[in-house]
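Below is one structure, written out as structure tokens; comments come after it.
Quick note: the coordinates plus some simple rules give every number you see, no bench work behind them. Please read these numbers as outputs of a predicted model, since none were measured by experiment. Backbone-built Cβ (ideal geometry, glycine too); neighbour counts: all protein chains shown.
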Amino acid sequence: MFKKFFSLMLITIIYSLVSANEPKVIYPFEDSVHEERFLSLLNELRCPKCQGSNLAGSNAPIANDLKREVYRLVKSGRTEEEVKTYLIDRYGNFIVYDPPFRPDTYALWLGPLFIFLITLSIILVILLTRFSNSKGNQ
Amino acid sequence: MKRILNLMPLVVFGILVVVLYSFLTQENEQLESVLVDQLVPEFKLPALENPNNILSKSSVNKLPALINVWATWCIACRVEHPFLMQLKNKSTLTVYGLNYKDDRKKALDLLENEGNPFEFSIFDQQGKLAIDLGVYGAPETFFVDKEGIIRERHVGALTQKVWKEKFEKFLNEDNDV
Amino acid sequence: MIPEIGHIFLISSLVLSLVGGLGPFIFNKELPIRKIAILMCLLVFGSFFTLIYSFVVDDFSVAYVAQNSNINLPIYYKFAATWGAHEGSLILWILSMNIWLLAFISFDKNRNTNFSNLVFGVCSLVIFSFLLFTVFTSNPFERILPIPPLNGADLNPSLQDFAFTVHPPLLYFGYSGLLLPFAISISAMLSGQSNKDWASSSRPWTLLACSFLTVGIGLGSWWAYYELGWGGWWFWDPVENAAFVPWLLTVALVHSLIVTENRNLFVNWSLLLSIFAFAASLLGTFLVRSGILTSVHAFALDPERGLFILGIFSFFVLGGLAIFAFKNSTGNKTSFYSLNSKEFGLLLNNVLLVVLAVSILFGTLYPLLYEAYTGGKQISVGAPYFEFIIFPFSISLGLLQGIALYLSWGSTKSFNFLTKLILESLSIFLLTLVLLFVLFDELIPASFFTIFIFSWLIVGSLLINFSFKSFNKYLDFLNRRIGVLLSHTGMALLVLGVGVVSSYSNEIELILDTGEKIEFLNKDVELLDIKDKNGPNFISKTANIKVLDGGRTFNLQTEKRTYFPSGQVTTEAAIDTGIFRDFYISMGDNFKGDSWSFKLQSKPFIRWIWLGALLITLGTFISSINILRRKS
């Protein structure tokens, strides 16, 4: 264990002395908050030309252009919301996989809750009718 | 009560079938275009013909006009090319080109060989103006009216049929005013 | 000539299935159902076999072969290309329905009772409708005459892959397996079969269908991970949802049938759920094959096919529900159970699973609804939405599953196990955190919740704190209930995999020159060279990458392939797999000269997702086989 650790240390030290070249990261960030924002945006934005794929998962030319644009916007300090609005203004709501919570999407976001409540009330009705029925029979 | 409950699944699925049927018969609309009824966005890009000539929104001044997104790598653009030439010769309408993610030399060669229907072409190698226009790919065509407002957008090759259906009416409307 | 024989087989089985289907309903006569089932199965198999033959001998006069194969396609993929597109996969689907039917009849001891005849009749009718659909809208034997093309258009390159050749058959087998619970439910209602009997004859088949669905979906996810080249394992794509929704309903059905069989409860519910699960599998087919979900930007809508499937869907599902509403002759016993009973636990389980399934279906259909009521406006509903929806459900289902096996019928006498359960899961939770810290040098609070659920599930599933008299007793217990223990443990592993991979993943996108060396997560990564390679039907650029990870050195090859004749480009990712993490490299675009962009990713615990799916597959399979063995 110790031996392995030691050799690892040694390798790391030698390596850091020998290799000086910085990796050429395509989308470099100084601020890790920006980097995270950028990565999460790539996952939430849809590639307009491709069939069901986000920007992170596409190598289409348009996806690369949009990635670059998102990078520029994030780097210049725009928030996630601002970047999304920027793209929605150009490509419509289609571009975001995460639809905003607005009057026209209330149905979407509240739908599951509604389905859940309906199911619960049906079950209650069934259980209650059965309960009262069997009481009546007794 | 029990009867109603037993009928409920049938009713729900009946509605589902009707909804699914309506999806099938629903007209498949073209892509939604956000920029319709908006002003042409600002830009600063070189001309295809001359890299030192920086164009901007004010260069697009012979209105009404079409802005046509094209590229040499785009096959459908070749299809619509003759129609654009025709448009240039017959109509008073100006056609501006947006040369999209292309190679300058190849693009100029193409215009040399097959004719240039454009007043000028904006050279947008990085697709910057294209993003501002919400472009998905080439070819796409935008109609800009006298006020500089985008009125219509077409994705895909511009043909006589498309022209008649989607664009011609704006030209007449502009003449009336 | 050979394709025509296949066509004749297909038409004969069409006629035969109609006779078999109408027999029990119209003639009300005892048919030799086993013989008919065998004959149908053979005919469909013959037809499928001739289609395979046409692929293998490159008969491009057959339009379907010409569209989906190519002379240069390796022989193995020619074989698999048979089910690579719509028409052929339909035949495979029909074949699997026939196999299910035959299996059911062979295991059914009460052959030729009214009930078995009805099951046979319903199945035959469904098979008939699918055959009708195939023959009239999707005939795979159609010829291009008089001048056949010299070569075919090729199989979609991303399907030219091992996982993708086995994933569709298994998935179709699962989908079509839902035919049996459906037919059993309808027959039970029509014949007034006792609840215990129909539920116990439905349960092994439902479990088996669940097993195949699980392995089919799991393989699909694995394929997407390594083949699509960017390291995701689930995309919440409509096509995936179309498989996930039937899976959820099948899992719900597996659980509700237990109650119906043992307690004579949830009778109507199980009957309905059997119809719903089948409906969901038909709906999935409809959504995928009519093209309404995928055609937003492709213009290949085929309304005729869609209409036909919708017709099948309406006939069987609405018909089934009408029988439920008007002709249901199964008795529903009124009996009581308390809130701390197993019954109530399973009720909750069903509510959660079904509401989740409906919600996912709703989210999948929402863009279409939205377009309809806004008059053409478009919206995308994707991963962020579905993850938001599934989160509360999976937490509740997880908490429930942890205590599920401790509950007893009627009412659970003591909840003393709870203290031990909590303490033990807390210790497993802490141990897991320590392991993660040792492995990755950091603890990410976002993952704590899922890791706790994992610990809770592991303790709950393996029943390690159940009081047994001796270790042998415990082993005996494990042996008896191995199926349920395996699948519940599988769920635990899956949860851990999902939780860790979604919060501990790392990625970087960079440009590498040949000979360049960089460091990523304490690994030295060096691009040795980039070579041209020629495959049988593609050319590729292959990047040879050397990785030094601790003391271990290994080489990885990632490729950018261009398939001719389609010209389609695919990325072959290079993956160094490991129990605790995958190291994933995929090649991006070419920059100047020999420098290319690469995406480097670390995907910790991703294997556990498929390991979990595999355990669920095994568990349900074993349970099913055990039940079938006990019966015969």
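Think of segment B:35-176 as having a plus end and a minus end, set by charges on the Cβ of Lys, Arg, Asp and Glu; of B:Phe167, B:Tyr96, B:Ser58, B:Tyr96 sits farthest toward the positive end of this dipole.
Placing R0 at 51 angstrom, the Cβ-Cβ distance between C:Phe437 and C:Lys473 gives a FRET efficiency of 0.85 after rounding to 0.05.
In deg cm²/dmol and to the nearest 500, what is the mean residue ellipticity at 222 nm of chain C if only DSSP H runs of at least 4 residues count, each as -39500 (n - 2.57), divided by the residue total? Computed mean residue ellipticity for chain C: -21000 deg cm²/dmol. The relative contact order of segment C:105-224, computed from alpha carbon pairs under 8 Å that lie at least 6 residues apart in sequence, is 34 percent.
Which residues among segment C:252-272 fall inside the zone where the amide N is under 11 Å from a point 7 Å beyond the Cα of B:Arg3, along Cα→Cβ? Output list for this probe position: empty.
Counting only other chain Cβ atoms within 10 Å of each residue's Cβ, the peptide C:502-511 averages 3. Please work out whether segment C:111-247 counts as rounded, prolate or oblate from its C-alpha gyration tensor, where a ≥ b ≥ c are the square roots of the eigenvalues and a/c under 1.5 means rounded, while otherwise a/b larger than b/c means prolate and anything else oblate? Taking the square roots of the gyration eigenvalues as a ≥ b ≥ c, segment C:111-247 is oblate. Here segment B:124-171 is treated with +1 on each Lys and Arg Cβ and -1 on each Asp and Glu Cβ, and its dipole about the Cα centre works out to around 180 debye.
Think of each Lys and Arg Cβ as +1 and each Asp and Glu Cβ as -1; about the Cα centre, that makes the dipole of the protein assembly as shown roughly 4000 debye.
The base-10 log of I(q)/I(0) for the protein assembly as shown, evaluated at q = 0.11 Å⁻¹, reads -1.51 [Debye formula, identical scatterers on Cα atoms, solvent excluded]. For chain B, the Cβ-based charge dipole about the Cα centre amounts to some 480 debye (Lys, Arg positive; Asp, Glu negative; other atoms uncharged).
Summarising the label geometry, the points placed 7 Å from Cα in the beta-carbon direction at B:Ser59 and C:Leu339 lie 7.4 nm from one another. Sorted from longest to shortest, the spans of the Cα atoms of segment C:366-512 along the three principal axes equal 66, 48, 26 Å. Summing charges over all other residues whose Cβ lies under 9 Å from the Cβ of C:Asp549, with Lys and Arg as +1 and Asp and Glu as -1, gives 0. Extension gain, A:Lys24 to A:Leu113: 0.36 nm times the residue separation minus the Cα-Cα distance gives 27.3 nm. Extension gain for C:Phe564-C:Leu399 works out to 54.2 nm (0.36 nm per residue, less the C-alpha to C-alpha distance).
For the residue pairs B:Lys44/B:Lys90; A:Lys24/A:Lys84; C:Lys523/C:Lys560; C:Lys546/C:Lys603, the C-alpha atoms sit more than 25 angstrom apart in B:Lys44/B:Lys90; A:Lys24/A:Lys84. Calculated from the alpha-carbon coordinates, segment B:35-176 shows an Rg and a Dmax of 13.8, 42 Å respectively.
Here the relative contact order of chain B, from alpha carbon pairs under 8 Å that lie six or more residues apart, stands at 27 percent. Checking every one of the trypsin sites (Lys or Arg not before Pro) in segment B:102-152 against DSSP loop status and a limit of 12 other Cβ atoms within 10 Å picks out B:Lys146. Label sites at A:Arg130 and B:Met85, each approximated as a point 7 angstrom past Cα along Cα to Cβ, lie 7.9 nm apart.
Listed by chain and number, the aspartates and glutamates placed with their C-alpha closer than 17 angstrom to that of C:Lys531 are C:Asp513, C:Glu516, C:Glu559, C:Glu572, C:Asp589, C:Asp594; residues fewer than eight positions away on the same chain are left out. Here the simple spin-label model places points 7 Å from the Cα toward Cβ, and for C:Phe554 and B:Lys169 these points are separated by 6.3 nm. Judged by the gyration tensor of its Cα atoms, with axes a ≥ b ≥ c, chain C is oblate; a/c meets the 1.5 cut and b/c is at least as large as a/b. Note on A:53-61: average number of Cβ atoms from other chains within 10 Å of each residue's Cβ is 5.
Scanning chain B for DSSP H helices at least 20 Å long along the axis (C-alpha atoms) with a Kyte-Doolittle mean no lower than 1.0 picks out B:2-25. Applying a length cut-off of 24 Å (Cα extent along the axis) and a mean Kyte-Doolittle floor of -1.0 to the DSSP H helices of chain C leaves C:2-22, C:33-56, C:86-107, C:114-137, C:195-227, C:238-263, C:267-290, C:342-374, C:383-404, C:417-440, C:482-504, C:606-631. Remark: mean inter-chain Cβ contacts per residue of A:94-103 equal 5, using a 10 Å Cβ-Cβ cutoff to other protein chain atoms.
Between B:Glu147 and C:Phe107, the FRET efficiency estimated from the beta carbon spacing at R0 = 51 angstrom works out to 0.10. Note on segment C:450-598: Cα convex hull, mean projected area over all directions, 13.6 nm². Packing around the peptides C:167-180, A:95-108, B:114-127, C:215-228, taken as the average count of other Cβ atoms within 10 Å per residue, puts them in this order, highest first: C:167-180, C:215-228, B:114-127, A:95-108.
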